[in-house]
Amino acid sequence: MAMDGLRTRIITGSLFSIVMLAGILLGSVSFMVLFALVSILCQWEFLGLALTVDGQWQAFRRLLYTLLGSLPYLLVVLYQREFLRDDQLISGGVAMMLCWSVAFLFELFRQGSKPFSDLGSFALSIIYINVPFAMLAGMGIRDGVYQLPLVTGLLLLTWANDSGAYFAGSRLGKHKLLPRISPKKTWEGAFGGLLLALLVAAGLGYWWNGGITIGQWLVISTLVVVFGSLGDLVESLLKRSMAIKDSGSLLPGHGGFLDRFDGFLFHLPWVAAYLWWVLY
């Protein structure tokens, strides 16, 4: 990588990290707003790649589907902030389904060439992107209490995995992990990411556990590494199938938001399943 490119990558990465940590550390409201924006930007990028470019109202359709796709996150936030009672949650879900029917009506009258392919992309954006972030909101606020150590820990473990994999892979990488999808990823990088994530997890469990034991943090870090790495490969598969390098250009030197959160959003359901099984 040229020095200018490396410098851009470092500056962007530093500013991105500061904004993310500030949004998490400032409290539950900034946490919810931050990840609402992240979820919307990831969906916007994905729909820009996946929706068929034909017919009319392209930009409006992309915006409409992005906003409709954000409803699961909004529903969980309203419930966790106790704006919705238990007996109102089903009504909220029904209202969300009614809103989603707007997408079918829009495709009915838009006269596009592949309406159900586009509806499938819309549904996939919800499953792939918004539902995991809704799970994060559910984990991040429990019974009205903001779970700061957990949310911060998940982000730090994701970064540790990425950093460990990058440095170990670039210096020691010889054995390709899945060259058909991502030629640069190696087994040495994967183990480097796992090692650094385990060290960070041990530190979290010792100094800032948030009610989670060291052993549980180590399990969480393993889930983050395994499924985060698979999530990165899944997005690589998406980009390879569309013959593109990055999902967007909002983060110079890093690509788009989906490029930054591909592993994070993929490991969230697995971490959530483990936490709900063990702790909740």
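The values are calculated or read from the model by the stated rules, or taken from the named source; none is laboratory data. This is a predicted model, so every value here is computed, not measured. Here Cβ is always computed from backbone atoms with ideal geometry, including for glycine, and neighbour counts include all displayed protein chains.
General observations
- Answer from T66, T12, T8 - the residue that is among the β-branched types (V, I, T), touching a Leu at 6+ places or on another chain (Cβ under 8 Å) and farther than 20 Å from I129 by Cα: T12
- Tally, over the stretch 240-257, of residues that are basic (K, R) and free of Cβ contacts under 8 Å to residues at least 12 places away in the same chain: 1
- Considering only residues in the stretch 123-137 that are of a type in the set (V, I, T) and either farther than 17 Å from V76 by Cβ or surrounded by fewer than 23 Cβ atoms within 10 Å (Cβ to Cβ) (or both), the one that is nearest to the chain's Cα centre (by Cα) turns out to be V131.
- Options S39, S28, S70; residue that is within 24 Å of P252 (Cβ to Cβ), in contact (Cβ under 8 Å) with a residue 12 or more places away in the chain and among the hydroxyl-bearing types (S, T, Y): S39
- Residues of the stretch 86-122 that are surrounded by 12 or more Cβ atoms within 10 Å (Cβ to Cβ) and not in a helix (DSSP H, G or I): G112, K114.
Here's the yes/no breakdown for (1) under 26 Å from L150 (Cβ atoms); (2) among the hydrophobic types (A, V, I, L, M, F, W, C); (3) touching a residue at least 12 places away in the same chain (Cβ under 8 Å):
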{"residue": "K174", "(1), (2), (3)": "no, no, yes"}
{"residue": "G192", "(1), (2), (3)": "yes, no, yes"}
{"residue": "L195", "(1), (2), (3)": "yes, yes, yes"}
{"residue": "V200", "(1), (2), (3)": "yes, yes, yes"}
{"residue": "T222", "(1), (2), (3)": "yes, no, yes"}
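- The residues of the stretch 15-63 that are under 17 Å from P132 (Cα atoms) and not hydrophobic (A, V, I, L, M, F, W, C), listed by number, are S39, Q43, E45.
- Residue list for the stretch 77-103, filter: touching a Phe, Trp or Tyr at 6+ places or on another chain (Cβ under 9 Å) and of a type in the set (A, V, I, L, M, F, W, C): V77, L89, W100, A103
- No other residue among V38, V76, V53 is among the β-branched types (V, I, T) and either modelled with pLDDT under 90 or surrounded by fewer than 18 Cβ atoms within 10 Å (Cβ to Cβ) (or both) apart from V53.
- Residue selection: G164 satisfies the criterion of being buried (at least 16 other Cβ atoms within 10 Å of the Cβ) and modelled with pLDDT under 95.
- Test result for L136, at pLDDT 95 or above, under 24 Å from K239 (Cβ atoms) and in a helix (DSSP H, G or I): yes
- Residue in the stretch 185-193 that is loosely packed, with under 15 Cβ neighbours inside 10 Å and over 15 Å from the mean Cα position of the chain (by Cα) present: no
- Among all residues of the stretch 212-231, there is at least one that is assigned to a loop (DSSP other than H, G, I, E, B) and under 27 Å from W277 (Cα atoms).
- Residue match in the stretch 250-264 (condition: of a type in the set (D, E) and surrounded by fewer than 19 Cβ atoms within 10 Å (Cβ to Cβ)): no
- A residue that is crowded, with 21+ Cβ neighbours inside 10 Å, without any contact (Cβ under 8 Å) to a residue 24 or more places away in the chain, part of a helix (DSSP H, G or I) and over 14 Å from the mean Cα position of the chain (by Cα) occurs nowhere in the stretch 152-161.
- Some residue of the stretch 169-180 being within 22 Å of the chain's Cα centre (by Cα) and closer than 26 Å to V38 by Cα: no
- Residue check, V271 free of Cβ contacts under 8 Å to residues at least 60 places away in the same chain, aliphatic (A, V, I, L, M) and assigned to a helix (DSSP H, G or I): no
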